[in-house]
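Have a look at the structure below before the remarks.
Please treat every number below as a calculation from the coordinates, not as lab data. These numbers were taken from a predicted model, which means no experiment stands behind them. In this analysis, Cβ positions are derived from the backbone assuming ideal geometry, glycine residues included, and neighbour counts consider all displayed protein chains.
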Amino acid sequence: MAKLSFLFALFYSAAVVAAADDTVAPHGGAPEGRAVTRQYAPDRNAGFVHMSLDMTPDFQQRTIAGTVTFTLQPIAGPLAELELNAADMNIVSVESSEKIQAWQATTDRLILTFASAVPAGHETRVSIRYNAQPEKGLYFRTPEMGYKPGDEHLFTQGEALDNRFWYPCPDAPNEKFTTEITCHVPDGMTVLSNGRLVSQEKDSSGRTAFHWSQEKPHANYLVSLVAGYFKSVEDKHKDTPLALYVPPSDIQEAPNSFRETSDIMDFYEHEIGVPFPWAKYYQVIVQDFMEGGMENTSLTTLTESTLFTPATENLRNSQGLVAHEMAHQWFGDLVTCKDWSHIWLNEGFATFYASLYDGHKNGPDSMLYGFYGTARRLLNASNDEGTIVNRKFTHPDDIFGPLPYQKGSWVLRMLRAQLGEDLYRRCIKTYLERHQYGSVVTEDLSAVIEELSGRSYDQFFDQWVYHARFPELAASYSWDEKTKLAKISLQQKQTLGEDVLLFNFPWTVAFSGPSGRVEKTITVKDQSEDFYFSLPEAPASVRLDPRLEVLTKISFDVPAPMLEAQLADKNDLAGRLLAVAALKDKKDHASVAKLKTALNQDAFYGVRVDAAAALASVHSDESLEALLASMEQSDARVRNAVSSALSDFYNPGACQAEIKALSSEKNPGIKAQDIRGLGKYAKSEVRALLLPLLSSHSYRNSLADAAIAAMRVQDDISFLTPIRQTLEQHRDEFPTRGFINGLDTVAFLARDQEKKDEVRQFLSSYVNDKNSMIRVGAIKSLGTLEDPRAMPILETFTNAGKETPEQKAASTALEAIRAARHPGDNLQELRDMVLELQKQDRQLRKDFDTLQKKLEAKPAARSSKSAR
Ligand SMILES: [Zn+2]
């Protein structure tokens with residue numbers, strides 16, 4: 001699976017943000033609401049052999065009805081009860097080849113009690129008829145929900161625990177079985193699912209029944225169904241049919257995202273050494289997909305956000321996403337993590353192989369640049385004490401983050417560097433062949449590596465996978481001319497503890513000088529160590545880990561002349577990137593001049609991109625001038641980086657340059673970047689420029705979207721009405737997320753207004769929208785509006801009996817409103833309270849006087865009292 005954020009970082013080295021909001025009790029895991037506990041794979045009471053699902057969706061009602069039949073065999077002993085995950089569904093009937101004593105359906109499972117326990121190995125059939133209106137797992141996209149007529153479809157998303165919402169199933173990754181799905185749809189619709197299309201024919205009701213069969217066992221979370229109106233582009237790799245299906249309105253851009261598919265498969269088959277394991281490889285783009293991509297066996301789902309137009313030049317592509325999901329067809333699908341704690345065996349591999357493909361297609365420097373970027377992000381996560389194999393989670397969705405993805409990928413990079421490419425490939429091929437169609441844990445991988453290499457890998461996996469962090473090295477260098485010895489002192493500075501070890505790893509040090517280049521390998525293992533190297537002359541350059549083969553954070557103050565030599569070395573990309581990073585902390589003329597030269601002359605685009613960012617970071621008049629003089633760039637990625645760097649300045653010259661660039665720029669991606677950059681200039685000229693962009697036409701309305709973002713930064717109330725009108729009149733042109741951003745910007749601009757009634761009414765008109773994402777967005781925007789009068793509206797959602805995304809959004813919005821209550825509001829409240837108290841006090845006094853007068857009017861009582 002690739003998270004949606006993956007896409008927004010353009011390259012697959014994206015930082016991955018944490019996952020979905022909703023929590024469900026996992027199969028065999030912690031019940032809802034309990035604190036984080038350690039998670040393990042559930043028991044397997046029965047071995048599931050096959051699943052056959054026959055279902056019919058109702059696109060008007062957004063419901064499904066189906067019958068699922070399992071063939072299974074009890075594993076070890078007489079099986080008295082069978083339990084399946086079945087969330088929020090209506091079970092109509094349960095039948096079996098064995099006599100059933102009773103069955104019961106709870107909110108999240110179906111428990112079936114056999115009349116007499118089924119003996120081990122006895123083949124048993126269980127058939128369940130059910131219907132459901134799924135809240136997750138299966139999603140409709142219909143015109144009634146606000147989607148384009150003609151694009152109507154449904155799709156499913158199983159990982160991690162959501163397939164249980166659309167059919168009863170054993171929903172854990174350590175259970176694998178073959179599956180077949182027959183789905184009945186209205187005429188003209190297409191159905192896609194795992195495996196091979198067995199038949200497509202009219203049924204008795206006049207619908208078309210598509211029968212798909214996945215004849216090789218796979219895990220339940222990889223079962224997928226997509227149905228609706230689609231168009232496709234097709235290809236073939238050897239005998240494997242390839243296709244990309246898209247909603248009809250997206251067909252024009254489909255070839256752009258499809259173009260690398262066949263080449264990636266070709267590369268993987270050679271690199272991995274195991275043929276593509278499934279009957280076909282289809283990808284399908286669906287609307288408002290909650291993830292970036294999902295690797296269901298032979299049928300990957302992709303987000304529509306991956307689509308792009310050629311006008312964006314090399315700024316956008318689908319290569320990283322397509323390569324990531326296809327790698328999963330081997331890593332994750334053919335071999336699957338036994339339980340979620342070992343998810344890096346899926347995600348680390350998919351991330352790593354997408355990098356290998358990048359290296360194959362775009363050259364080793366492109367791949368190295370990717371690893372350089374992910375290393376920087378991982379090494380700068382200062383407080384992350386998590387481990388790659390992680391059992392501490394409440395819901396598996398919580399562990400899909402940078403550790404299993406990027407750090408997992410780095411672990412494989414280190415393994416490949418240590419073993420060498422040939423031995424590494426043999427190990428991976430053996431690992432796959434030995435465990436194909438089965439489940440794996442990290443020890444299955446390390447066992448193969450130890451067996452084939454003859455080396456012990458216990459410490460490697462212990463320090464990198466089962467413990468946290470990475471080596472933080474402080475390095476220093478000196479040269480002794482008398483003895484001709486170079487000395488490198490290393491200290492491991494990471495804070496050691498229960499979760500963080502002292503690291504032991506092989507390391508390369510390279511020296512270059514007039515007589516050439518020398519490489520030495522050392523083993524770093526102590527907390528503090530000195531290494532001596534005999535060299536013919538004082539080196540002009542000293543490079544630590546020159547090929548970035550170990551994930552280490554190095555603090556090494558390179559002397560200026562060496563930095564210069566590094567920056568000039570055409571064969572040392574890592575050295576040049578590190579030199580640029582070192583120069584960004586210097587403000588002298590020479591350093592700025594060097595960065596400017598790198599920005600305009602380096603052979604590799606990544607160094608130029610980093611040099612532009614470094615000039616922004618220097619943040620001097622001189623560095624701004626260097627950027628302004630570097631705006632003409634033929635590579636869109638570098639042009640975009642210069643635009644982004646300029647937007648880090650607040651300067652009239654930068655503003656004028658950005659306005660000018662905007663008028664000549666053709667690339668919509670860079671234009672959007674320019675527009676956002678202008679947001680901070682509260683000038684009439686900028687305002688005049690932003691307004692017409694609201695009604696401009698661009699792919700997925702990216703320019704209007706950027707203009708709205710800039711207007712938000714301007715925080716100018718005069719934009720409120722134009723944005724509101726744009727949203728009302730051009731809703732269909734915005735992708736759902738863009739429209740939601742628009743609603744929230746309207747709320748943001750009005751938040752300090754005295755009278756918010758009109759805006760509140762406008763936003764409230766979407767809280768019951770037919771599109772559930774817009775509903776949630778509108779509810780959130782009421783929180784942004786900070787209008788106490790929206791509280792009764794929000795409370796109607798928080799009072800709902802069942803936990804829903806709307807309820808959650810409303811709670812957050814209510815909190816925002818309460819937190820934002822201005823001190824003035826509180827004062828007024830206090831004043832009102834005091835007035836009320838004074839009023840009550842006056843009344844009390846009056847009552848007291850009355851009482852006293854009444855008492856005085858009763859002399860007898862008074863005298864009798866005083867007589868006592
Ligand atoms: Zn993935």
With (1) in contact (Cβ under 8 Å) with a residue 24 or more places away in the chain; (2) closer than 30 Å to LEU415 by Cβ; (3) out of contact with any Leu (no Cβ under 7 Å at 6 or more places or on another chain) as the list, and ASN571 as the residue in question, which single condition is left unmet?
-> (1)
Residue check: is LEU693 under 29 Å from the mean Cα position of the chain (by Cα) and among the aliphatic types (A, V, I, L, M)?
-> no
When segment 356-382 is checked residue by residue, the ones that are touching an Asp or Glu at 6+ places or on another chain (Cβ under 9 Å) and among the small types (Gly, Ala, Ser) are GLY359, SER366, GLY370
Name the residues in segment 230-253 that are among the small types (Gly, Ala, Ser) and within 10 Å of VAL284 (Cα to Cα), would you?
-> SER232, ALA243
Only one residue in GLU313, GLU291, GLU304, GLU295 is within 29 Å of VAL609 (Cβ to Cβ) and within 14 Å of the ligand (Cβ to nearest atom). Which one?
-> GLU291
Search result, residues across segment 347-362 that are among the polar types (S, T, N, Q) and touching a residue at least 60 places away in the same chain (Cβ under 8 Å) | THR351, SER355
Out of the residues in segment 361-404 that are in contact with a His (Cβ under 9 Å, 6 or more places away or on another chain) and closer than 27 Å to HIS270 by Cα, which is surrounded by the most Cβ atoms within 10 Å (Cβ to Cβ)?
-> PRO404
Any idea how many residues of segment 505-528 are farther than 15 Å from ALA474 by Cα and either acidic (Asp, Glu) or free of Cβ contacts under 8 Å to residues at least 12 places away in the same chain (or both)?
-> 3
GLU815 passes all but one of the listed conditions (1) in contact (Cβ under 8 Å) with a residue 24 or more places away in the chain; (2) surrounded by 18 or more Cβ atoms within 10 Å (Cβ to Cβ); the exception is number (2)
For segment 272-295, name all the residues that are more than 17 Å from the chain's Cα centre (by Cα) and either of a type in the set (Gly, Ala, Ser) or farther than 19 Å from ILE251 by Cα (or both).
-> ILE272, GLY273, VAL274, PRO275, PHE276, PRO277, TRP278, ALA279, LYS280
PHE400 fails exactly one of the following numbered conditions: (1) away from the ligand (no atom under 12 Å from the Cβ); (2) under 30 Å from ASN256 (Cα atoms); (3) within 17 Å of the chain's Cα centre (by Cα). What is the number of that condition?
-> (1)
Within segment 603-610, identify whether any single residue is within 20 Å of PRO668 (Cβ to Cβ), hydroxyl-bearing (Ser, Thr, Tyr) and touching an Asp or Glu at 6+ places or on another chain (Cβ under 9 Å), and answer yes or no.
-> yes
For segment 90-144, which strands (runs of 3 or more DSSP E) that fit wholly inside it have 1 or more residues that are β-branched (Val, Ile, Thr) and surrounded by 17 or more Cβ atoms within 10 Å (Cβ to Cβ)?
-> 90-96, 109-118, 124-132
What helices (runs of 4 or more DSSP H), lying completely within segment 642-694, carry at least 1 residues that are in contact with a Gly (Cβ under 9 Å, 6 or more places away or on another chain) and either within 21 Å of SER620 (Cβ to Cβ) or among the aliphatic types (A, V, I, L, M) (or both)?
-> 652-664, 684-693
Considering every residue within segment 539-551, establish whether at least one is among the aliphatic types (A, V, I, L, M) and more than 42 Å from the chain's Cα centre (by Cα).
-> yes
Of the residues in segment 241-271, those that are over 26 Å from the mean Cα position of the chain (by Cα) and within 23 Å of ARG196 (Cβ to Cβ) come to PRO241, ASP266, GLU269
